Structure formats: structure tokens, C-alpha cells
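Data block below; observations after.
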Amino acid sequence: MSNASKSMLGCGIYLIIIGILVLFFPEFVLAGIGIYTLPDIMSRMCGMIFLIFSYIYIRTGIKDEGMEFFYLITAQERCTLPIFLTTFYILGFANWTLVVFGFIDLGFGLWTLIALRIDRSKKK
């Protein structure tokens, strides 16, 4: 199993946890990020989307072979989340705690990018 696939599995497990929390306990998650409105179907749908992404990340992490390009593009998109979430915070759309999740995703994205570099150097 490559280092990059391990990072994908790690991110998939993180997304399972977030997905279950958002799907089944949206009030808890929303209050944790400073949103004190009643959850609606959209918050639960976000939990569903997190779970779908976790499935994709875990399945590709297990398959591993030939997944380098997928790992690269998912790492790149995860590195953009802090930009969006910080912008939402600066514009007053979100609480600072939401930014923390962006930096967790940044960490997973950087882990995957570094792991890809390590894996490539081992192949040479």
C-alpha cells in the first residue's frame, strides 16, 4: 500500500466521522461551528455527501494501483478549502470554527501531496 493511499484512507475515515455527525446530529455540528438555526434537509444532505466522498476516498485508497492522478486532484481540491472557508469567515458568512475544518482538510491535502512525492521517489 502506497503512502498516498494511506492518506486517502485517513481522509476517508475523517469524512465518515464528519458525515455521520452531520447526517444524524446536525444540531450538534451546526452549533459547534456557530450556526444556531434549526437544521434543514440541506445540512443532512451535506452529511450524505461527506459519506459519499468517504466511500470514494476509501475505495480508491484500497485499490491504490493507477490512482495517482485521482490522489493528486483530490489533494489539490482539499488544499483550496481553507481559502473558501476563510473567505466566508472574513465576509461574515461563517464563524471562525468553520475555518478550522478548512485547515484540517489542508493538512490531509498536504499529506497526500507529500506522500505522492515520496511514492514517486521510491519508484525511481
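Only the coordinates and a few stated rules stand behind these numbers; no lab work does. What you see is a predicted model, and the numbers here were worked out from it, not measured in a lab. Cβ sites come from the backbone with ideal geometry, for glycine too, and all protein chains shown count toward neighbours.
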**OP:** Using a Förster distance of 35 angstrom, determine the FRET efficiency expected from the C-beta separation of Asn3 and Met45, and round it to 0.05.
**Re:** 0.60
Subject >> Residue-wise HN-Hα coupling along the stretch 75-91, computed from phi with Karplus coefficients 6.51, -1.76, 1.60 (Hz; x: Gly, Pro) >> reply: 5, 4, 5, 5, 6, 8, 4, x, 5, 5, 5, 5, 4, 4, 5, 4, 7
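Counting only C-alpha contacts under 8 Å and six or more residues apart, can you give the relative contact order of the chain as a whole percent?
Details: 154 pairs, mean separation 43.8, N = 124.
35 percent.
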Original post:
List the aspartates and glutamates whose alpha-carbon lies under 20 Å from that of Lys123, not counting same-chain residues fewer than 8 positions away?
Top reply: Asp64, Glu65, Glu68
Subject >> Distance in nm between pseudo-label sites at Ile118 and Phe70 (7 Å out along the Cβ direction from Cα) >> reply: 2.1 nm
Original post:
Using modelled amide H (1.01 Å from N, peptide plane; none on Pro or chain starts), what sits under 5 Å from the amide H of Ala94, excluding residues fewer than 5 places away?
Top reply: Tyr89
Original post:
Can you pull the Kirkwood radius for the stretch 27-124, inverse mean 1/r over Cα pairs, to one decimal in Å?
Top reply: 15.2 Å
**OP:** Go through the stretch 31-37 residue by residue and turn each phi into a ³J(HN,Hα) via Karplus (6.51, -1.76, 1.60, θ = phi - 60°); whole Hz please, and just put x for glycine and proline.
**Re:** 5, x, 9, x, 10, 10, 9
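Given a Förster distance of 25 angstrom, what is the FRET efficiency for Thr97 paired with Phe25, based on the Cβ-Cβ distance and rounded to 0.05? It would help to have the intermediate numbers written out before the result.
On the way: r = 16 Å, r/R0 = 0.63.
The computed FRET efficiency comes out at 0.95.
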